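Working notes for the structure below.
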Ligand code: UGA
């Protein structure tokens, strides 16, 4: 099959590349010529494990192409995927759809034979209907269908999530559009991946409901962690104790500094906004958003408490800046709130991150970026683990103690335990564990 993907951001690039790995002929289009030039030399605009190898392989097999020429990309394409950004709109938190609609209008000009226009970007329910209206104003109805095929890719594991998904959701209201999507995902039928065919609106809601539910689990366990700290319980064991109940499930119950990234914060806000538009009070999701916002400030206070009530004039070593490991993405990372709060309280910051430092330099000011985690620790009054990169899981405790001015570790991801640091005289502060 021949398809076009508009937008070579995270979602478009991973999806287009994986569709080509399925054997389809894919052309990815982007307005940014530098990005396209780089991709045509196998240089990735983002860090995602395994992506560079897969791009190079499918480019050399001539199944994957990158271009700025939408017309050429769409020639003979049976489906065109819209994978442009849908950032949070200022004010109401709703997803900003200007790039989606602009892409659809441009694509409309090049539709000559029947084409399924598919939204891959996360778009509020009802967007598919609006896209349909835009196309219907320009084209004969027999030339197109509009479908919703949300992605469930986690950054850092996106290739795996695409190639071996828990499920695929296809929202398509006509047999013809369904047949195109079935053909696209045929390789997954072999390993019996559930492929759900729903209405377009249902698919649009599924995407938001999934992200909001996962975010709810995180805010829920984070509040439990606060209670555990007060009553002498351990949230890790609480998570295990409830997660073994298969109705609850053990995943996404890891307490931490709050969820970040390009999806959960944006999508939970947008869902609340959509619910408001429809006069449906979405109290649970609204609280999830509030709990997460407050959490970041609370984490700065936690660090300050661990440093004896003040960080004024103190040096704090921070390990991990990205919103989670295995990505260089800094979007809505808790570090962007926690570090400025510590600086406002008088602290100086020395930080390390394996992949996020280039982006972090653009977003965080007046701090030291260190090439090595141990360099950040030199002379620091406390060590704070903000992101659970694997390389921080087995730090040399003796060396750490020698380098730090005070042996204080605030582990906001619970990757250590008091026992790991026992005998070294460390003050260890985790999340949701007894003080
Ligand atoms: C998330 C979803 O997991 C994907 O299924 C979805 O496709 C994607 O959003 C999207 O909408 O595009 P992602 O943002 O890459 O993926 O990251 P997650 O692994 O879900 O983590 C999100 C945040 O939650 C991170 O800040 C992470 O540290 C935090 N988290 C996650 C916790 O604090 N505790 C947990 O137990 C799990």
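Where a number appears in this text, it was derived from the coordinates with a stated rule and is not lab data. Since the model is a prediction, treat every value here as computed from it, not as a measurement. Counting neighbours? That spans all protein chains shown, and the Cβs are built from the backbone with ideal geometry, glycine included.
Within 10 Å, count the other beta carbons around each residue, average over each peptide in 181-194, 101-114, 151-164, 4-17, and list them highest first.
4-17, 151-164, 101-114, 181-194
Between residue 176 and residue 363, 0.36 nm times their residue separation minus their Cα-Cα distance comes to what?
Fully extending the segment from residue 176 to residue 363 adds 62.7 nm.
Contact order normalised by length for region 129-194, with contacts defined as Cα pairs under 8 Å and 6 or more residues apart; what percent is it?
30
Quick check: the angle from helix 335-344's long axis to the longest principal axis of the chain, C-alpha only, nearest 10 degrees?
On a 0 to 90 degree scale, this one is about 40.
So what is the orientation-averaged projected area of the chain, using the convex hull of its C-alpha atoms, in nm²?
Computed as one quarter of the Cα hull surface, the answer is 21.9 nm².
Express in nm, to one decimal, how much length is gained between residue 44 and residue 293 on full extension, taking 0.36 nm for each residue of separation and deducting their alpha carbon distance.
Computed gain between residue 44 and residue 293 is 86.4 nm.
Just the C-alpha atoms of region 13-102: what Rg/Rh do they give, with Rh taken as the Kirkwood radius?
We get a ratio of 1.01 for region 13-102.
In 10 Å bins starting at zero, report the fraction of Cα pairs in region 252-323 per bin as a rounded %.
The calculated distribution, bin by bin, is 16, 38, 26, 14, 5, 0.
I'd like the orientation of helix 98-108 relative to the chain: the angle between its Cα long axis and the longest Cα principal axis, in ° from 0 to 90, rounded to 10.
20
Counting alpha carbon pairs within less than 8 Å and at least 6 residues apart, what relative contact order, in whole percent, applies to the chain?
12
Rounded to two decimals, what is Rg over Rh for region 2-198 when you use alpha-carbon atoms and the Kirkwood radius?
Dividing the radius of gyration by the Kirkwood radius yields 0.94.
Rounded to whole Å and sorted largest first, list the principal axis extents of the Cα atoms in region 232-435.
58, 40, 31
Please give the residues of region 158-198, grouped as numeric ranges, whose backbone N is less than 11 Å from a label point set 7 Å along the Cα-to-Cβ vector of residue 61.
Of the residues in region 158-198, none has backbone N under 11 Å from the label point off residue 61.
In degrees, nearest 10, range 0 to 90: what is the angle between the Cα axis of helix 283-306 and the longest Cα principal axis of the chain?
Relative to the chain, helix 283-306 is tipped by roughly 30 degrees.
When only C-alpha pairs under 8 Å and at least 6 residues apart count, what is the relative contact order of region 2-198, in percent?
Answer for region 2-198 is 20 percent.
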